[in-house]
Amino acid sequence: MPQTVVGKRFGIEQTEVSAIQRLQRAKTARLLEDQEKKNPIKRVKNVELSVPIAYGTISFWLGKKADDLHSHKWTVYIRSATNEDLGPIISKVVFQLHPSFNNPTRVVESAPFELSESGWGEFEISMTVFFQKDAAEKTLELFHHLKLYHEDDNAPQSTKKPVVVESYDELVFQEPTEAFYSRVKNLPAVHVNGSPGELNVSSGALEISNERKRGDTKDHQLGQWFGKYSETDELTSIMGARQQVQKEIAKLKSMLDSEAMKLKPSAP
Amino acid sequence: MDAKDILGLPKGGPVGDKRVRAPKETVPKKLDRVSREVYALTGGLPPLIASVDTKQRQASSQKISWQWLPFANSARTDGLQLSHWVRVVDSVVPTGDYAFAKYNRSVAVLKYTDDEYNKHLADTKWTKHETDLLFSMCEQFDLRFVIIADRFSPPRTVEELKDRYYSASKAIILSRATTPEEVADHPHVKDAYNFNYETERKRALGLLLSQSRQQEREDAEVLAEAKRITEARLSKVDEQAEQPSAPGTDLTQPSTDIAAAATSTTTTTRGHRVFLRGPNLGQMVQSMLSSVGARIVKRIEQILLDELGVRLEPKIPTESICREHLELRREVLNLVNLQKAVQWNEATVSFMRETHPEVSTPNTPKRGFRGGDRAAAVSGERIGKRDHKRKAPARFSDTPPSPPQQKRARKLKSES
């Protein structure tokens with residue numbers, strides 16, 4: 001096995017040789033990358049794109065059709081909080097299921113980014129979100145625990161009422177690339193510099209032809225179970241809390257000042 | 001206990017007496033001499049857990065004796081008859097081969113005929129005599145090439161011997177096999193001996209092991225630098241951070257790369273990233289509270305939850321909500337600190353009030369403070385008296401302790 005001996009002298013260890021080989025490979029890789037795009041990637045400063053999303057699971061009990069291994073039918077999804085199309089932003093989502101599933105790594109390469117399965121157990125699903133190429137960003141990972149059964153055991157299962165667990169969050173792109181920014185800044189799913197004040201969920205009265213491939217989730221089958229998110233309630237409660245705290249602070253400050261006066265020893 | 005023994009004093013209590021008698025050096029008759037020394041090992045006292053109960057052992061049903069008997073060893077070829085002690089159970093002598101005979105393993109060294117030699121094994125550097133000698137030594141010494149090399153008649157290196165042996169064996173195997181596939185798994189065929197590689201490897205290893213300390217240090221440094229460079233490179237490829245001004249000109253110079261890598265790792269590339277707002281808020285809260293103690297963090301959370309009715313993590317993390325939440329946390333931290341300060345002050349005030357009725361009020365007559373030091377010394381002494389019972393604030397103990405107090409302190413120390 002001929003060794004490419006690199007370096008000052010023979011006594012170089014295997015690790016160092018391979019480290020230097022990796023160095024050279026990384027260098028050439030970067031070189032190619034540079035030559036492909038413009039060098040360097042131009043980004044838009046002081047701009048933040050936020051994409052409000054909702055993600056979670058909806059699970060239906062299969063009732064009479066249930067058997068030991070398939071008692072529930074569930075769907076895990078990532079959708080825009082206003083049900084817009086996330087395709088222009090997300091290139092694919094890789095759902096990692098429990099290893100007991102066949103092919104537990106499921107890749108969804110087009111919107112709507114969701115996956116339906118049937119099973120019997122609850123487990124943690126990890127969703128790795130890959131962004132479109134021109135965003136030039138690393139992947140993002142989300143975790144969600146699949147719930148099949150209701151909170152209180154006593155509630156009887158019904159095939160009509162699913163167990164819905166959905167969370168709201170926002171994908172925030174700081175200093176996006178110029179290409180990405182110019183492409184998505186006008187999309188309804190995207191908000192520039194700050195989250196939308198009111199998350200207006202518009203209904204699906206669109207002029208789309210009968211092609212099934214719609215990226216948005218406006219007329220989704222499970223749409224009735226999607227959560228509606230409004231920030232006003234939480235915002236007002238937090239702001240109210242802040243005012244309370246500020247009042248308390250002012251009170252304490254005045255107390256302190258008066259105490260300080262008391263403690264000053266008078267001059268002899 | 002020994003002292004009491006020597007003095008002949010009673011050991012104390014009827015129970016104590018009994019216990020003392022048993023572990024004395026005189027031992028019950030049943031145990032033989034050996035266990036007396038063993039007893040001494042354990043400190044003269046019986047062990048906490050009885051290990052072997054001699055009564056029980058002797059009560060076993062079998063009759064065991066030991067006999068000096070001759071035995072047969074299948075590993076021997078010379079027919080030497082040796083004897084050893086054998087454990088005989090109920091007059092039944094155990095049978096079977098000598099227990100260690102199974103470890104007499106040897107390597108299966110191939111034997112070739114002259115014909116095979118002439119056909120496949122002819123070599124310029126090796127005579128038939130040498131090859132025969134090599135193979136017989138391999139069998140004799142179980143393929144211990146170092147020993148073989150020591151005794152080989154025209155001296156040859158270990159690598160040469162190995163090379164000859166393995167290549168010859170491989171040639172023989174291949175020639176004897178009907179098809180190449182059936183022996184493809186044979187280790188001699190699969191992992192052939194590579195003479196050049198082995199010599200090189202041994203030489204490099206020798207160099208490495210014989211390096212001086214200085215050389216070792218240099219090597220470690222170079223390795224560390226290489227590691228840093230690769231990591232910097234990989235992270236650059238991932239993040240595509242601001243790139244150094246000369247893109248892609250240097251493919252060769254490691255030194256300039258090291259400099260570039262150093263600068264890129266030190267500059268913070270906080271410029272661009274993508275994250276989820278919810279977890280990001282959590283991180284920001286943590287970094288804000290990193291210098292704060294755990295108890296205060298708990299107090300903040302308690303205030304948020306109980307008194308203000310605000311969730312610890314907002315349900316809908318929008319930009320304004322996250323911002324407000326962070327500010328709220330900051331303010332609650334401020335509040336907690338202020339509360340502490342107020343408590344502290346109140347404690348000080350109340351303490352002052354108790355010890356110094358004249359000091360706390362602002363209308364103190366000046367006379368009370370004339371001869372300031374003396375008065376302070378007196379008050380210091382008085383405070384000192386009660387000091388050890390209260391947590392007095394530091395303010396009042398920064399007057400130097402009066403001499404009588406010092407003397408008293410020293411006196412107290414000597415007593416204990």
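The values are calculated or read from the model by the stated rules, or taken from the named source; none is laboratory data. Because the structure is predicted, anything quoted here is derived from the model rather than measured. Reconstructed Cβ throughout: ideal geometry from the backbone, glycine too, with neighbour counts over all protein chains shown.
Listing for the model above:
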read-out	value
Neighbours by Cβ (under 7 Å, 6+ apart or cross-chain): first from region B:122-149, at pLDDT 90 or above; second of a type in the set (Lys, Arg) and part of a loop (DSSP other than H, G, I, E, B)	B:Ala149/B:Arg156
Matching residues, region B:274-306, being loosely packed, with under 14 Cβ neighbours inside 10 Å and either among the polar types (S, T, N, Q) or in contact with a His (Cβ under 7 Å, 6 or more places away or on another chain) (or both)	B:Gln283, B:Gln286, B:Ser287, B:Ser290, B:Ser291, B:Gln302
Among the residues listed as B:Glu225, B:Glu216, B:Glu221, the single one being surrounded by 14 or more Cβ atoms within 10 Å (Cβ to Cβ), assigned to a helix (DSSP H, G or I) and at pLDDT 85 or above	B:Glu225
Among the candidates B:Thr199, B:Thr157, residue that is within 14 Å of chain A (Cβ to nearest Cβ) and under 18 Å from B:Trp126 (Cβ atoms)	B:Thr199
Some residue of region A:125-132 being away from chain B (no Cβ under 14 Å), of a type outside the set (Phe, Trp, Tyr) and either in contact with a Leu (Cβ under 7 Å, 6 or more places away or on another chain) or part of a loop (DSSP other than H, G, I, E, B) (or both)	yes
Subset of region A:215-249 (residues that are within 14 Å of chain B (Cβ to nearest Cβ), among the small types (Gly, Ala, Ser) and closer than 25 Å to A:Glu114 by Cβ)	A:Gly227, A:Ser230
Odd one out for A:Phe143, checked against (1) touching a residue at least 60 places away in the same chain (Cβ under 8 Å); (2) more than 7 Å from every other protein chain (Cβ to nearest Cβ); (3) closer than 26 Å to A:Asn83 by Cβ	(1)
Residue tally, condition among the charged types (D, E, K, R) and part of a loop (DSSP other than H, G, I, E, B), over region B:91-133	5
Candidates A:Lys161, A:Lys147 - the one that is part of a loop (DSSP other than H, G, I, E, B) and either acidic (Asp, Glu) or modelled with pLDDT of 90 or more (or both)	A:Lys147
Complete set of residues in region B:143-161 that are part of a loop (DSSP other than H, G, I, E, B) and surrounded by 13 or more Cβ atoms within 10 Å (Cβ to Cβ)	B:Leu143, B:Arg144, B:Phe152, B:Arg156, B:Thr157
One residue from A:His98, A:His72, A:His145 being surrounded by fewer than 19 Cβ atoms within 10 Å (Cβ to Cβ) and closer than 24 Å to A:Trp225 by Cα	A:His145
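Conditions tested, residue by residue: (1) in a helix (DSSP H, G or I); (2) more than 10 Å from chain A (Cβ to nearest Cβ).
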position	(1), (2)
B:Arg295	yes, yes
B:Lys298	yes, yes
B:Asp306	yes, yes
B:Val310	no, no
B:Thr348	yes, no
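For every residue, the table says whether it meets (1) modelled with pLDDT under 90; (2) within 30 Å of A:Ser50 (Cα to Cα).
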| site | (1), (2) |
| --- | --- |
| B:Asp306 | yes, no |
| B:Ile316 | yes, yes |
| B:Glu319 | yes, yes |
| B:His325 | no, yes |
| B:Gln339 | yes, no |
| B:Gln343 | yes, no |
| B:Glu346 | yes, no |
| B:Ser350 | yes, no |
| B:Pro357 | yes, no |
